[in-house]
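Contents: one structure, followed by commentary.
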Amino acid sequence: MKNASLRRHLLGAIVLAATSAVLLSGCTGTAEVPIASRAPSTLKGQVSFWHFFSGREAGVIQSTVDDFMKANPGVKVDVHPGQDDEKLQKAISAGNTVDLGMSYSTDIVGSFCTSGAFRDLTPFIKRDNVDLTNLTPIVKSYTEFKGVRCAMPVLTDDYALYYNTDLLTAAGIDSPPKTLTELEDDALKLTTYNPDGSIKTLGFNPLMGFYENAAAHYGPSAGAKWLNADGSSAIGSDSGWPELITWQTNFVKKIGYAKLQKFSAGLGQEFEADNAFQKGKIAMNLDGEYRTAFLADQAPGLKYATAPFPTADSHTDLYGAGYITGNIAGISKGSQNPELAWALLKYLTTDTGALVKMANGLKNVPSTADALKSPKLEISSQYKTFVDVASNPHSATTPPSPIGAGYQQTFEQFWDKYQKSGGDLAAGLKSVDKQINDSLALVNGP
Amino acid sequence: MTAVGTRSALRSTRPRHFGRVLNWIGQHVVLSGLAVLFLAPVVFVFLTSMMTSNQTLTATIWPDPWTWDNYVRAFTQVPLVRWFANSATYAVLATAFMLASSIPAAYVLARIRFRGANILFTAIIIAMLLPPQVTAVPIYVMWSKLGMTGTLLPLILPNLLGDAFSIFLLRQFFLTIPSEYADAARIDGNGEWGVLARVIIPMAKPGIAATAIFMFFNSWNDYYGPLLYTSENEQWWPVAIGLASFRSSHGGDWGITMAITMLVMVPVVIIFFFAQRTFVEGIALTGVKG
Amino acid sequence: MLAPAVLGLALFFVYPLLASIYYSFTRYNLVSDPQWIGLRNYQYLFADDPNVWQAAGNTLWFVAVMVPVKLVFAFAIAGLLTRAKTATGLWRTLYYLPALVPPVASVVTFVFLFNPGTGPVNLILKAFGIDGPLWFNDPALAKPSLLLLGIWVTGDVMIIFLAGLLDVPRDLYEASGLDGANGVQKLWYITLPTIVPVLLFSLVTGIIAALQFFTEASVASSVASGKVSIGEGAGAGFGYPENSLLTYTQWLYIRGFSNYQLGYASALAVLLFVVAAVFLTLLLRRFSAFTPDEATR
């Protein structure tokens, strides 16, 4: 190999690399296909549907999708279960593998509507005259961001208190707690210890981060606010949060942080049969309506009831409210068959039969007024609590933001630390505000 | 260096001999004690893999009754076979591609003078030692624009264009082959490819084997790469991702988790016993040549 | 013969390195085009990022504690192994085997062993009347727990040292023995000088590996938290407990591939490059194997 020829080779290779790099960065995804002026009368083709459910719950979704395919024989839906937000974002950014994507929470709405990862659905909604007043106002609010409706709600998740009636009766408690102080008193009464001092069964686990113990789920108990109208953090200036944090940390102190940690680390997985509430190791628990389905499936013998989550002592007027969120779905930017994706999305989010079928299967709460009123909706006494929470005017959600769940994570990270080490609460909350506003500026800014 | 101490310090041999025996016993006690500690984790993993799921949640160490049930469940409830197949595809193709592209490159770097050789070699060293996260974003963007994320291809294909660490390692091996052999082959009328195929490769077999084994294990054990590229597509998950996300995605109890852990360890250990020499020599060579 | 490798270097090394620098001045989420925002990412990195310094501190802990401890331990075992006269192969294999266990499997193993509720370690401690700590679930102990794992899998370094120690000429020891040198003196004057290059090499490559510490820490976090990531994704599980295991490269992953702030992740990458470059320069200057001179003998 001679010098000159080798140099030419080297040069050639580098030029090739450079041009291919330019080419690669030059093409940005696939162009959007414009929508037809009228909905097609028959649907044909293949459409991919990504959702996060797995196991038994994925079966419910599949069976609903099967109904859709039966009604539209020309359509094949390619279902990808078990896809979390991170994976969904990866797949959407990579191009056209996703037509319809469904997320477990509203966290991605802000960023997906802003970036266009989910398309604006308004043209479809206008064309097909979809009645959005059928959606409950709170549900409507969390599926759009800054006037862009890029997602539709698929059922809601609502949170309330579960309690083991056998354990409560045995401890002489005949009605569920209505305030946080009552919750704490009852919980301490229900807690039992082993001879060596460790916890045997727990009345209520106050540790932040345990199962569904998240700031978002506690917030409505004190009417606590997350964001101001301009999108900046309201956490540090809200009076509800300090009240909740103070109650929670004092509760933790009464039992002992280390003791609770050790007990929690030995508990089963939240979504498995060995869930601590299902095993009777925890008498009262904050959880979503879907737990009723898990209980029926995995712990049919357990005697339990549900009630709205207790309110902060200074907010007893809020009793009956709770945290609402829900699954949301949207059409990906790179979808090659948006008409099919829209048809499926419309079916899953507005068809009363489909919503009721999924609600009965998943035990989630329907997201439209029609489905909520449907006589086919199976309402057990335990599930009824959640239907009521869903329509309570004081129920609240976590608002969409361009930083997604970032503001919740920042706050929870602080709370997590505070429950263990304490410190200056007001100053800590101020620094939470700053962190959230800083990261908003990084994403938003000019 | 021999000028340490003084001759006058010569001691009688008897207590020294006695001391040696004590020393020997001491050393072997330490060696065996540590060996027990080193083996214990695997033993506990095995014991737990033989328990029923109720037992794993209780304070027991010894299974009662013993059951292979977790292993049966590992194969029936978990796509274990597919995970292994994916890991094998990744490791085998990456290794084969690496060999095809890196052997010629290493040969040129070891044996042929050309301008720019020093710069190229330095670039390879830097590429080899630089944390992969430094260049992760643009490379990810590149594969994403090509629509290849969600597969193992972004981890396999680059090996067609050489792997820095392998080139470096192979070059070190090639350097140990006296250049007279290659010269003789050239006089016989062989081109550079001929020299490489007829002389260098046969003589560097142990080195090539060691490099291949490194590549194989690095790909087999890789977690970061597959996490970045395949997490959204379970069809392409290698066993490393499957095991890591097992407790969160399938939520299994410790028994079945430990059964899978055992199954993940076994093939590696088997390969080790077949290729023990190559292995240990290879490892020694990477470090000692400092 | 060289063309593929040169193309490879250009595509997967030179271009991405330059592109990382470019992206670090942009806001980029892969869905829309990169948008130039000047030094904003760096400003956020150095002034506002709430976790980056904790993450860097954690990585530094692994560099400053884990690397030396592993080396000392590997050296001690290698030293012991040179003394073993019987069943040498068996001993070597025994101590080397854990290094073979795939990293993910070894982490799952250790999180299980040290699981506070029902893990064998705490059960054994209990038998001795000791109330075992929370290990991987305790922010103060999570890193030391990973250190124990690091020691367990230190076999590859141990093999390198063993090879180096066996290279020390035997007659040197015998001669010095005749001269009356004691064990410490032998170690200091004979063993160490011969093996110092090997030690240094392992130290610097160990540091570079520790700078990118990712797999063990992230898997330990997600397995130990026992949390089911229903819909958030892998990044949400990193750092548990209380970010004590959040390393710099994990933070980069979270910002880049969970939050899709690729521009900001690139700024983090550039900083990592600068730090790694310092160690790289050190390595390149010090070790002959990495200098190209031998090539053209």
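The values are calculated or read from the model by the stated rules, or taken from the named source; none is laboratory data. What you are looking at is a predicted structure, and each value in this text was computed from that prediction instead of being measured. For neighbour counting, all protein chains shown are included, and Cβ atoms are generated from backbone atoms with ideal geometry for every residue, glycine included.
Quick one: is B:ILE61 at the interface with chain C (Cβ under 10 Å from one of its Cβ atoms) and either assigned to a helix (DSSP H, G or I) or under 30 Å from C:SER32 (Cβ atoms) (or both)? No: the conditions fail for B:ILE61.
Inside the range A:261-270, residues that are touching a residue at least 24 places away in the same chain (Cβ under 8 Å) and surrounded by fewer than 21 Cβ atoms within 10 Å (Cβ to Cβ) make up a count of 1. For the range C:32-53, the tally of residues that are touching a residue at least 40 places away in the same chain (Cβ under 8 Å), closer than 18 Å to A:VAL432 by Cα and within 10 Å of chain A (Cβ to nearest Cβ) stands at 3. When C:ASP156, C:ASP167 are checked against the criterion of being at the interface with chain B (Cβ under 10 Å from one of its Cβ atoms), in contact (Cβ under 8 Å) with a residue 24 or more places away in the chain and surrounded by fewer than 17 Cβ atoms within 10 Å (Cβ to Cβ), C:ASP167 stands alone in meeting it. Checking the stated criteria, A:THR122 turns out to be surrounded by fewer than 24 Cβ atoms within 10 Å (Cβ to Cβ) and either under 19 Å from C:ARG27 (Cα atoms) or out of contact with any helix residue (DSSP H, G or I) (no Cβ under 7 Å at 6 or more places or on another chain) (or both). Taking C:LEU125, is it facing another protein chain (nearest Cβ under 9 Å) and free of Cβ contacts under 8 Å to residues at least 40 places away in the same chain? In short, no. Within the range A:241-277, which residues are assigned to a loop (DSSP other than H, G, I, E, B), more than 22 Å from the chain's Cα centre (by Cα) and more than 8 Å from every other protein chain (Cβ to nearest Cβ)? Matches in the range A:241-277: A:GLY256 only. The number of residues in the range A:314-333 that are under 14 Å from A:ILE138 (Cβ atoms) and either surrounded by fewer than 23 Cβ atoms within 10 Å (Cβ to Cβ) or in contact with a Ser or Thr (Cβ under 6 Å, 6 or more places away or on another chain) (or both) comes to 6. If only residues of the range C:173-183 that are at the interface with another protein chain (Cβ under 9 Å from one of its Cβ atoms) and exposed (fewer than 14 other Cβ atoms within 10 Å of the Cβ) are counted, the one that is farthest from B:ASN23 (Cα to Cα) is C:LEU178. No other residue among A:CYS150, A:CYS113 is within 14 Å of another protein chain (Cβ to nearest Cβ) and more than 25 Å from B:LEU146 (Cα to Cα) apart from A:CYS150.
Looking at the range B:130-242, the helices (runs of 4 or more DSSP H) lying wholly inside it that each contain 3 or more residues that are buried (at least 19 other Cβ atoms within 10 Å of the Cβ) and within 10 Å of another protein chain (Cβ to nearest Cβ) sit at B:136-145, B:164-175, B:224-230.
Looking at the range C:19-31, can you tell me whether even one residue there is more than 10 Å from chain A (Cβ to nearest Cβ), within 22 Å of the chain's Cα centre (by Cα) and buried (at least 18 other Cβ atoms within 10 Å of the Cβ)? No, the range C:19-31 contains no residue that is more than 10 Å from chain A (Cβ to nearest Cβ), within 22 Å of the chain's Cα centre (by Cα) and buried (at least 18 other Cβ atoms within 10 Å of the Cβ). Among the residues making up the range B:39-56, those that are outside any helix (DSSP H, G or I) and surrounded by 19 or more Cβ atoms within 10 Å (Cβ to Cβ) are B:MET50, B:MET51. Of the candidates C:LEU199, C:LEU192, the single residue that is under 26 Å from C:PHE279 (Cα atoms), without any contact (Cβ under 8 Å) to a residue 12 or more places away in the chain and more than 8 Å from chain B (Cβ to nearest Cβ) is C:LEU192. Among the residues of the range C:81-98, those that are more than 7 Å from chain B (Cβ to nearest Cβ), in contact with a helix residue (DSSP H, G or I) (Cβ under 9 Å, 6 or more places away or on another chain) and either in contact (Cβ under 8 Å) with a residue 60 or more places away in the chain or not in a helix (DSSP H, G or I) (or both) comprise C:LEU81, C:THR82, C:LYS85, C:THR86, C:ARG92, C:TYR96.
Restricting A:HIS51, A:HIS80 to residues that are more than 24 Å from A:VAL139 (Cα to Cα), at pLDDT 90 or above, within 13 Å of another protein chain (Cβ to nearest Cβ) and surrounded by 20 or more Cβ atoms within 10 Å (Cβ to Cβ) narrows the list to A:HIS80. Among the residues of the range C:241-260, at least one is of a type outside the set (A, V, I, L, M, F, W, C), closer than 30 Å to C:ASN122 by Cβ, in a helix (DSSP H, G or I) and modelled with pLDDT of 90 or more. The residue that is surrounded by the most Cβ atoms within 10 Å (Cβ to Cβ), among those in the range C:184-228 that are of a type outside the set (A, V, I, L, M, F, W, C) and under 13 Å from the mean Cα position of the chain (by Cα), is C:SER218.
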